[in-house]
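Structure first, commentary second.
The values are calculated or read from the model by the stated rules, or taken from the named source; none is laboratory data. No experiment lies behind these values; they were computed from the predicted model shown. Note that each Cβ is placed from the backbone with ideal geometry, even for glycine, and that neighbours are counted across all protein chains shown.
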Amino acid sequence: MAVSLVSSNYTGRKRDLSVFHSPDASLATTQSIGISFGAPSQFCAGVQKLVQAYAIILLTNLMSQPNYPEFGTSFLYTMQSGVSPVDTLAASQIFSLASYDAVSALRTYQATNYDTPADERIVRATLTNIVLSAGSALFEVTIVAESGDTIPFLVPLPK
Amino acid sequence: MSETIQDTVDRLATFVTQNYTDVETGPGSVIRELLLKLAATLHNEQYNLITTLSQGMSIQSALAGQTSNSPLVDQIASNYNTVRSNGTYVKGKIKITLSSPSTYSFRAGYAFLQPSLGLQYTLTSDTRVSLTAVPANGEVQLYEYGGFYYFILDVIAAEAGPAYQVSSGATFTAVNQNYMTSFVKAEAYGNFSSGIAPETDLQLVQKIKNNLGNSRFESAGGIYNNFRNSFSGFQSLSVCGANDAEMVRSKQNLLGISSFGKADVYVRSSVGPMTAMVKKTAHKVADNTWSLSLNNNDITGFHTIKRIVPLSANSLGGTLLFAPPVFGYSFYVGQRKNEINSYIDARFTKYQTAAVTFTYAETPTLPVNSSMEFEVHATYQPNISEMQDMLLSDEYRLACADYLVKAVVPCEISLNINLVKKRATDTADSLNLQQLKKDIFTYVNTLQFGDELHASNIVNLCHNYDIKRVDLPITMTGTINCPDGSSITLTDTDVLTIPTKLEKGVTPKTTLYFIDYYRIENGATQPIDNIGLRLT
């Protein structure tokens, strides 16, 4: 369903660059949201920024950033090492451990940055569905913000 | 101080946040992950490189470190044409007495130990003892006296520093004593020369500051720098000039009022007292009475005559009995001179002369007016003549001023300290009291002009060692050899203060403390420590 009122008023908020091609909320058609170059840059704030930060931490492999070895989680590395397509329990455990680290990193930052709006402050991230098949995995996650917002989204995994 | 990479990220994030309040820099943000972290990697390396290269930082870190001779400070000092003094080694002669004539050969480095002080000295060069009267190169002659035999070796202290300066007569053991089967004893032949410890980083930094600020002779600091750079072992000075009460030389005129342009420069050019020997011809003036004169260049500006002995009996201990010297002065022909009005003005300067009468019953008896060679030993401060010449030279002198260099007036100190040990099994060796003696030696001999000698400071030094307590009072005695030839004795148990006696030329601005390890009385080193430590 198309959204008729999309706000671009960022007053009182800190903006981040959006690395995803955000869907045009005013359109009701199927849109690609994959990462690609060449499209105009966009800002993001609010829950979209929260989801993006969570995803960046979750999907950055530990020790992949020179000089910052503790940033990120082991999620992507472990998944790429191979998980049985039928072993959803193992996949959910791998996700839970990594998600805990990502949420902790954000909450640690939030604890000392009191001016963060409530809808940008994460409370928890819950795995609501998991679909495994040969060569692909689909994680449906719901993030709960301090404002009470629950944001379901799909973790964009590279093939 | 260097920064961690996390410090740099936080610093950049703070900068962005403060200048662009709507930019997100938290973890997981694109700005932080793609921009700040990359920028921090470059910033951090450059920041730390600049910090390391910072001279101020280098000095700070060097001084904050545990070492006192950082090569980093040496490199910085070289930028200011300043180099660290590596110190001066004490040198001296040791007289070895044997029970029978023997020819020994010693390698350079053969070691002697002063057992009560724990000081080690080594032979300076390969030496062979010769029985012939005309020894060859690398040989020393073996003398015979009183049924014993002796020879004299040149030695140097194992380390640079003032603590190694010992008095004439101090006893030694040879580290490899079994080699000399006829060994009887080894003792210092004359006082050892003065030594200086290597400069610490703090001293070197101070030297840089001084070099930057003072290089001319207008100020006491400028004179100090020039002397310090030119004369090894130079310690300190005090300048008494116009409007100083000590400057009486400028008032010796009919009206008794000060004529400006004069200054007396009192210098200490060695840590401990030094002794020099000169051979002089004396004339017999009456039965058993002889007289000799010390010229101004014999032992320049000497402090005190300690010993006179016949040249033919130089192995004798003690001294012939001599009357108080009659001091005078004379100028150097053809040289620029200072204005001197009396022997008191000239005392301890390069112009000082003295006539000494002493008692000597020679055998066989010689007629009156006969002459004979004697050894005269006196304590002195080195380089007095050279310093004066520098201040009088065309290159350095202030044409409108008359700077007179004087060896500082000496106040010779002796101490008696009673230490109470913690455990019955403690000994002087186990407590390393040898080092305590060196500490006290260095403390007293490095007091500055105007300083007082406090018993409490000596007690503090004692408590650096594992003792129960120091018995009070500590008896401190000082003898000031005044420029007018008289002496002042100070005794106290709390603090020794240099008195102000202008008529004798003694004030805190003209006088400094000296202490020697052993006491010399009547020309002989006594078995009494000047730094007397008793352990009970």
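Structure above, values below:
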item: Near pairs, Cβ below 6 angstrom, 6+ apart or cross-chain, from the range B:128-156 (in a loop (DSSP other than H, G, I, E, B)) to any residue that is among the hydroxyl-bearing types (Ser, Thr, Tyr); result: B:Leu142/B:Tyr149
item: Selection count where residues are aromatic (Phe, Trp, Tyr) and out of contact with any Phe, Trp or Tyr (no Cβ under 6 Å at 6 or more places or on another chain), scope the range B:365-395; result: 1
item: Segments classed as helices (runs of 4 or more DSSP H), wholly inside the range A:41-159, with at least 3 members that are within 21 Å of B:Thr17 (Cβ to Cβ); result: A:46-59, A:88-112
item: Single condition B:Asp439 does not satisfy, out of (1) under 17 Å from the mean Cα position of the chain (by Cα); (2) within 28 Å of B:Gly301 (Cα to Cα); result: (2)
item: Residue match in the range B:160-177 (condition: surrounded by fewer than 16 Cβ atoms within 10 Å (Cβ to Cβ), more than 27 Å from B:Tyr396 (Cα to Cα), touching a residue at least 12 places away in the same chain (Cβ under 8 Å) and touching a strand residue (DSSP E or B) at 6+ places or on another chain (Cβ under 7 Å)); result: yes
item: Selected residue (only one of B:Asn530, B:Asn432, B:Asn522 is modelled with pLDDT under 85, touching a Phe, Trp or Tyr at 6+ places or on another chain (Cβ under 7 Å) and surrounded by fewer than 20 Cβ atoms within 10 Å (Cβ to Cβ)); result: B:Asn432
item: Hey, B:Glu395 within 30 Å of B:Lys280 (Cβ to Cβ) and charged (D, E, K, R) or not; result: no
item: Residues located in the range A:99-120, provided they are farther than 30 Å from A:Gly82 by Cβ and either touching a strand residue (DSSP E or B) at 6+ places or on another chain (Cβ under 6 Å) or at pLDDT 95 or above (or both); result: A:Asp119
item: Complete set of residues in the range B:31-41 that are crowded, with 19+ Cβ neighbours inside 10 Å, in contact (Cβ under 8 Å) with a residue 12 or more places away in the chain, under 17 Å from A:Ser64 (Cα atoms) and within 10 Å of chain A (Cβ to nearest Cβ); result: B:Arg32, B:Lys37, B:Ala40
item: Cβ-Cβ under 9 Å pairs, at least 6 apart or on other chains, the range B:256-267 side over 13 Å from B:Asn243 (Cβ atoms) and of a type in the set (Lys, Arg), far side surrounded by 20 or more Cβ atoms within 10 Å (Cβ to Cβ) and at pLDDT 70 or above; result: none
item: Test for B:Thr359: is it more than 25 Å from B:Ile223 (Cα to Cα), surrounded by fewer than 18 Cβ atoms within 10 Å (Cβ to Cβ) and touching a residue at least 40 places away in the same chain (Cβ under 8 Å); result: yes
item: Number of the exception - B:Asp426 against (1) more than 23 Å from the chain's Cα centre (by Cα); (2) of a type in the set (Asp, Glu); (3) surrounded by fewer than 16 Cβ atoms within 10 Å (Cβ to Cβ); result: (3)
item: One residue from A:Arg121, A:Arg107 being within 13 Å of another protein chain (Cβ to nearest Cβ), basic (Lys, Arg) and without any contact (Cβ under 8 Å) to a residue 24 or more places away in the chain; result: A:Arg107
item: Some residue of the range B:300-315 being among the hydrophobic types (A, V, I, L, M, F, W, C) and modelled with pLDDT under 85; result: yes
item: Selected residue (criterion: farthest from A:Leu132 (Cα to Cα)) from residues of the range A:77-98 that are of a type in the set (Gly, Ala, Ser) and surrounded by 13 or more Cβ atoms within 10 Å (Cβ to Cβ); result: A:Ala98
item: Count of residues meeting criterion [under 22 Å from A:Arg15 (Cβ atoms), in contact with a Leu (Cβ under 8 Å, 6 or more places away or on another chain) and of a type in the set (Gly, Ala, Ser)] in the range A:52-76; result: 1
item: Extreme residue, surrounded by the most Cβ atoms within 10 Å (Cβ to Cβ), among residues of the range A:50-76 that are more than 10 Å from chain B (Cβ to nearest Cβ) and polar (S, T, N, Q); result: A:Thr73
item: First in the range B:17-30 and more than 7 Å from every other protein chain (Cβ to nearest Cβ) and on the phi < 0 side of the Ramachandran plot, second anywhere and assigned to a helix (DSSP H, G or I) and β-branched (Val, Ile, Thr), Cβ under 7 Å, 6 or more apart; result: B:Thr25/B:Val16; B:Thr25/B:Thr17; B:Thr25/B:Ile31
item: Qualifying positions in the range B:232-253 - assigned to a loop (DSSP other than H, G, I, E, B), buried (at least 21 other Cβ atoms within 10 Å of the Cβ) and hydrophobic (A, V, I, L, M, F, W, C); result: B:Phe234
